[in-house]
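Colleague: My structure is below; once you've seen it, I'll send some questions.
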Amino acid sequence: MVTEVVMWQAALSALWVVLISAIDPLELYVGLGCALPAAITAAAARRAVSGR
């Protein structure tokens, strides 16, 4: 599950970087902070749907 969460966080963080206008350290920290709970939720939702 850890690998899946890391992959989700990487994908969501990359999306955040693409969508923001200016890349500065604060924006990156906010993006990483938002991506982590979303990645955990996505992994848990996938497991719930697949029945594992």
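Colleague: I'd like to check something: does the stretch 27-39 contain any residue that is of a type in the set (A, V, I, L, M, F, W, C), at pLDDT 90 or above and more than 14 Å from the chain's Cα centre (by Cα)?
Modeller: No, the stretch 27-39 has no match at all.
Colleague: Just to be sure I understand the filter: pairs with C-beta atoms under 7 Å, separated by 6 or more residues or on different chains, first member in the stretch 7-30 and in contact (Cβ under 8 Å) with a residue 24 or more places away in the chain, second member open to solvent by 70 Å² or more (accessible area, probe 1.4 Å) and assigned to a helix (DSSP H, G or I). Which pairs pass?
Modeller: The qualifying pairs are Gln9/Leu36.
Colleague: Okay, next question. I'd like the residue in the stretch 33-47 that is within 13 Å of Ala10 (Cβ to Cβ) and touching a Phe, Trp or Tyr at 6+ places or on another chain (Cβ under 8 Å) and, out of all such residues, is most open to solvent (accessible area, probe 1.4 Å).
Modeller: Ala38
The values are calculated or read from the model by the stated rules, or taken from the named source; none is laboratory data. This is a predicted model, so every value here is computed, not measured. Reconstructed Cβ throughout: ideal geometry from the backbone, glycine too, with neighbour counts over all protein chains shown. Please note that ligands, DNA and RNA were not included when accessible areas were found on the heavy atoms of the full protein model with its side chains. Shrake-Rupley method; radii C 1.70, N 1.55, O 1.52, S 1.80 Å.
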